[in-house]
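Trainee: This is the structure I have questions about; it appears just below.
The values are calculated or read from the model by the stated rules, or taken from the named source; none is laboratory data. What you see is a predicted model, and the numbers here were worked out from it, not measured in a lab. Positions of Cβ are generated from backbone atoms using ideal geometry, with glycine treated the same way; all protein chains shown enter the neighbour counts. Note: accessible area is taken over every heavy atom of the protein model, side chains too, but ligands, DNA and RNA are not part of it. Shrake-Rupley method; radii C 1.70, N 1.55, O 1.52, S 1.80 Å.
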Amino acid sequence: MSTSPPCRFAVVVPVKPVRQAKSRLAPLGDQSRRSLVAAFAADTVSAALACASVGAVLVVTDDHELAGALRGLGAQVVPDALVDDLNGSLVQGAAEAQRRWPDLRPAALCADLPALDPDELARALEVASAHPAAFVADAAGDGTTMVAAASLEDFNPCFGPGSRDAHVAEGAHEVVEVDVPSLRRDVDTPADLVDALALGVGPRTESTASALTL
């Protein structure tokens with residue numbers, strides 16, 4: 001009996017320029033904040049690229065230095081045409097991803113998941129593939145770290161304050177069938193970073209955080 005091949009995704013990762021991202025990490029010092037932003041993005045992209053369910057990663061950013069580093073990891077990069085509209089940028093990124101990789105489904109992933117485990121991401125995407133649209137809530141339970149859809153028409157990201165409830169209101173399925181703590185652990189504050197380190201972070205974040213007092 002033949003079985004359908006597993007669904008694979010083109011993951012869009014929006015990355016703010018390091019000069020303006022993660023203001024709540026400012027107590028660690030401005031240079032540390034900037035280094036952590038870059039490390040988070042690199043470890044997130046590396047984990048996504050290592051995921052068996054991911055066929056490509058498209059980074060959306062206007063940070064040219066960071067773009068070069070992420071391109072060096074194997075991601076493709078496009079400029080952010082809608083700097084102040086995250087969800088609009090994601091939709092445009094997903095449209096570009098579909099143009100480049102028409103056989104891949106669209107997904108979006110936060111760039112601040114330094115503990116992301118490729119196998120956990122694969123499990124979440126497997127659940128998501130059974131629904132027109134699906135999402136993963138963050139560790140706090142009110143935000144979102146991942147959105148995936150069956151097609152560009154079904155891809156309607158609602159990132160921002162109260163995004164979990166916004167995605168539910170849009171009819172997206174909340175992925176709760178699998179335990180994916182590394183996918184839920186986004187990092188906005190020093191306390192979040194401590195929690196991520198406990199899960200086990202990627203090498204760039206580990207190196208950067210090793211010099212900090214948390």
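Trainee: Can you name the condition, by its number, that residue 43 falls short on among (1) over 17 Å from the mean Cα position of the chain (by Cα); (2) under 13 Å from residue 111 (Cα atoms); (3) charged (D, E, K, R)?
Mentor: Single failed check for residue 43: (1).
Trainee: Taking the condition of being in a helix (DSSP H, G or I) and either crowded, with 20+ Cβ neighbours inside 10 Å or in contact (Cβ under 8 Å) with a residue 60 or more places away in the chain (or both), how many residues in region 198-210 meet it? Give the steps one after another, and end with the answer.
Mentor: Residues of region 198-210 that are in a helix (DSSP H, G or I), as a first pass: 198-199, 203-209.
Keeping just the survivors that are either crowded, with 20+ Cβ neighbours inside 10 Å or in contact (Cβ under 8 Å) with a residue 60 or more places away in the chain (or both) gives 199, 203-205, 207-209.
Selection size over region 198-210: 7.
Trainee: Hey, residue 16 hits all of (1) at pLDDT below 95; (2) over 15 Å from the mean Cα position of the chain (by Cα) but one; which does it fall short on?
Mentor: Of everything listed in (1) at pLDDT below 95; (2) over 15 Å from the mean Cα position of the chain (by Cα), residue 16 misses just condition (2).
Trainee: Yes or no: region 136-158 includes at least one residue that is in contact with a Leu (Cβ under 7 Å, 6 or more places away or on another chain) and surrounded by fewer than 23 Cβ atoms within 10 Å (Cβ to Cβ).
Mentor: No: zero hits.
Trainee: Also, quick follow-up: Does region 70-125 hold any residues that are under 16 Å from residue 49 (Cα atoms) and among the small types (Gly, Ala, Ser), and which are they?
Mentor: Across region 70-125, the qualifying residues are 72, 74, 75, 97, 107, 108, 111, 115, 122, 124.
Trainee: Looking at region 75-130 only, could you name the residues that are open to solvent by less than 60 Å² (accessible area, probe 1.4 Å) and of a type in the set (D, E, K, R)?
Mentor: Hits for region 75-130 are 80, 96, 105, 112, 117, 120.
Trainee: Taking the options 33, 100, name whichever one is farther than 29 Å from residue 199 by Cα and charged (D, E, K, R).
Mentor: 100
Trainee: Tally up the residues in region 167-214 that are aliphatic (A, V, I, L, M) and either farther than 24 Å from residue 90 by Cβ or touching a Gly at 6+ places or on another chain (Cβ under 7 Å) (or both), please.
Mentor: Adding up the residues that qualify gives 11.
Matching residues to (1) among the hydrophobic types (A, V, I, L, M, F, W, C); (2) on the phi < 0 side of the Ramachandran plot:
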site	(1), (2)
127	yes, yes
145	no, yes
158	yes, yes
171	no, no
189	no, yes
194	yes, yes
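Trainee: Now, a different point. If the Cβ limit is 6 Å and pairs must be 6+ apart or interchain, which residue in region 64-91 that is among the polar types (S, T, N, Q) pairs with which residue that is modelled with pLDDT of 95 or more and buried (at least 18 other Cβ atoms within 10 Å of the Cβ)?
Mentor: Pairs that qualify, where the first residue is among the polar types (S, T, N, Q) and the partner is modelled with pLDDT of 95 or more and buried (at least 18 other Cβ atoms within 10 Å of the Cβ), are 76/58; 87/157; 87/159; 89/14; 89/60.
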